[in-house]
Structures are given as C-alpha cells and as structure tokens.
Amino acid sequence: MAEFCSVPPEIVAPAANETLELALGSQVVLNCTVRWAISEHCEPVPTWTKDGQWLGSESRQDSTWLGQNASERLLATVLQVNLTHNADFGVFACWVSNATASFTLRREEVAGHVSAVLAALLVLSLLVLLAGLYIRCRLSVLLWYRNHYGELEMNDGKLYDAYVSHATAPDDRKFVHFIVKPQLENRYGYKLYLDEQNIMPNAEPSADLIMNVSRCRRLIVVLSVAYLEQDWCNSSFREGLWRLLELSKKPIFIVFESQYREITHPAISLLKQHRSAVTLLVWRAGSMTPSSDFWKELCLALPRKVAFRRTMGDPQTQLQEDKAPMLILHSSYLDSRGDPHPDGDLGLRGCAFRNPLPPRICGPGGPTALATGTVEDTQLKDSHRSEIDISDLGSRNYGARTDFYCLVTEDDI
C-alpha cells in the first residue's frame, strides 16, 4: 500500500485535470509530477487507475530527485498508453499518496472530416451541374446575348443575309428548298439567295458569284458528296477555299452526318484545319427539330436580325435607301403626271420612266385623232413597262410589304 503523508504532496504537472482528444491508433505519454517536503518522512508510491480500475506497473516509469533546495523532493511517474481500440480510451488517474491528478482521453471525432468531405462533394456536384448546364444551354445563352447585344450589320448595301450554294442533286435541292429555306426565312426572318450553279467553273470565281456574294452578308455551302464532285473541288479545293475566304466573311459549310464518315475527300480535313476561318456544321438525325443545336449554331454564324413592325417594312432595306421600284413604301410615283418643277428634280416621278406625251392636233378628224392618241398611249404604256429594270425583283423577299401585288417567278411555278 502507498504510504500517506501528513501533508498531501503538491501536484506540479498536470496543473489541472487534463482532457486530450486523440485519434485511434496513436500513442500518448501521461506525465504526473509531484513535490513534497523532506521533513514529512514519507515515501509516496505512485499508482495509476483507468476508469477506477488499478493498473499494473508494467507500462509506467518512476523517477525521484531532489529539488533546488534540499528541503523538498520531486517524483515523476510516466504512463505510456497505446490507443489501438476504442476500449483504450477513458479516464486515467495518477495517485501519489493522498494527492491525485486525472487525464481524460477521448477519441477524436471524425465529424470534421465528414463535413469536409461532404462540402467537397457538394462543390464537385455543383461544378458538374454548372458544366452540364453550360454544355446544354451554351448555345441558347450565346444566341440570346447576340440577339440583344450583338453587332448590327445594317446600312451595308446588302440585299440578302446569306448566299446558299448547293448541288443540283435531288437530295440537295430538297434539303435547301424544303428545310433550310423555310426554317431560316419563315422562322428567323432571314433573306436567302439560292444558287445551284457551279460557282467556280474554271477554278476561279465566276462573275455571277462575285456579284451575288457581294450582295449577301454570308456564304453557305452545302458540302454534300454531289457537291464535292464538281471539278474545282476535285482539282483545286484549297485554292477555291482561299477565293471564298476573300469573298465572304467566315463562310459556312454544311455536311451531312450520314456522308461525313464516308467522305475521303481532303476538303473535310482542310476545313477542320481552318476552323477559326470557317464555320463547319454537321446535319445529324436530330437536327430536324427547330430547337436543335444545328439551327442555333447556324443562327450564330449568320448576322443578327432586327425586329421590325410589318407596317414599316424591313429597316435593313430602308436604312440602306434601296430605291428599287418594288421596295419603295409608297408607289404613288408611278402615276403618269407631268413634272410640276421642270427646273429641278424634287423626286422620282413618272417622267423618269417614259417620255412626255406628244401634242395632239384637233381638227376635222378629231375623233380619229383621239383614237390615234389612245393607241399611242397604249404603246407608250407598253414601252413604259419594258423600261423598268426588274431583272432581280423575282428573287427578292417582299414578305414585309403589304402595298403591292405578289410576284411569281418561273421557279415558284
């Protein structure tokens, strides 16, 4: 049994009951140091308990020494604890004579790690969700931003939004006339110029191509297998591509997925190498729906359209001041009235389209002269029709106009 001193020894360490949180599998050394006066004539023996149960002396080490003055002695007892199981945690007490000090060992809670892991998983899930939304809604957001804050291509002298070049194959015609044209013109309000002729008959741009492309803001090429069979595509597609880049701003090439994998023509690899200078779109099986990515990418490549009221006409035509006869909002200038201001031209009038009426001579043959004058008027009206240049009116889109008759071309018939 431990010998009790009349005056309890003074506990030097720990200064108070100590609580330690340790991880499972760690080791800890508990140090208990006491001091007592030599005059007590007692030899205290340290002991350790765990949860009220006495422990043996196998895992403890004791040492004693004199203090700074010879009137006191110190005793240190050290207990080493291995925390390999949950049962190793508990309350350890150091008993030295009638003095005691305790150590409470608790297992470190893993809640901090759990919360950190959950926070990391939450952030990762949020990033994955944002990435999915970006992939799914990227084109819609870009299209909305372009339609509201994009650059306007107006007052540039262009009559059409896109020049569409395609082959004469039946499938290409159906694709352009029954899919591309109705979708872009009726749904998005674009004006297209369709052409199925060879744009480079002698490996050089034709005069018609240069003139027509200059009237369009974009160039669309339906690059099908039938289109690639043209001479300039087989012999000098690279040179032809440079000519197209000179004529149009970032031309648009449409390929079909069903043919895309089978095409061995070097044109496809060349277009892939120059993706920054051209727009390459793939028509897939699901591209038929109006909300597919194909139409969004195509609209992003086309110029921004301006919303307008039908009663005012197309502002892109009005702002460029196109004075073509069928594009003027009010057609009263076609009335055959004489010029009230012969000394100065105050506007476009009937005399610009026909010569003044010849003087009529009235006499004994008055009725005959009147009939002759009527015949001459009829001839002049016929000549008046032939003097107006309507060579390009059949290809224009007058859907925004309501004050003139409808033109029907041979192609429409």
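Restriction of the GluC sites (Glu not before Pro) in segment 1-97 to DSSP coil positions whose beta-carbon has at most 16 other beta-carbons within 10 angstrom yields 3, 58.
Its Kirkwood hydrodynamic radius, worked out from the mean inverse distance over all distinct Cα pairs, puts segment 70-224 at 24.3 Å. With an a/c value of 1.5 or above and a/b larger than b/c for the gyration tensor axes a ≥ b ≥ c computed over the alpha-carbon atoms, segment 22-123 is described as prolate. Restrict the search to segment 167-244; then list the GluC sites (Glu not before Pro) that DSSP places in a loop and that have at most 13 other Cβ atoms within 10 Å of their Cβ. Answer in residue order: 229.
With the simple model of a label 7 Å out from the Cα in the direction of the Cβ, residue 64 to residue 236 spans 11.2 nm. Between residue 133 and residue 264, the FRET efficiency estimated from the beta carbon spacing at R0 = 45 angstrom works out to 0.75. Which residues in segment 213-231 have a backbone N closer than 20 Å to a point placed 7 Å from the Cα of residue 197 along the Cα-to-Cβ line? What the label zone holds, given the 20 Å backbone N cut-off, is 213-223, 227-231. Using a probe of 1.4 angstrom and keeping all protein chains present, the accessible surface of segment 160-249 works out to 45 square angstrom per residue.
Between residue 178 and residue 291, the modelled labels are 2.5 nm apart [label points 7 Å from Cα along Cα→Cβ]. Note on segment 183-270: percent of Cα-Cα distances in each 5 Å bin, starting at 0 and stopping at the bin with the largest distance, equals 3, 12, 24, 25, 19, 12, 5, 1. As a test of understanding, state the convex hull volume per residue of segment 74-144 from its alpha carbons, in Å³. Residue-normalised Cα hull volume stands at 152 Å³. Inverting the pair-averaged 1/r between distinct Cα atoms of segment 254-296 gives 11.3 Å as its Kirkwood hydrodynamic radius.
Projecting label points 7 angstrom from Cα along Cα→Cβ for residue 282 and residue 207 puts them 4.2 nm apart.
The values are calculated or read from the model by the stated rules, or taken from the named source; none is laboratory data. Note that the structure is a prediction, hence the values are computed from the model and not measured. No Cβ is skipped: glycine too gets one built from the backbone with ideal geometry, and neighbour counts run over all protein chains shown. Just so you know, the surface numbers come from the protein's heavy atoms only, side chains and all, with ligands and any DNA or RNA stripped out. Shrake-Rupley method; radii C 1.70, N 1.55, O 1.52, S 1.80 Å.
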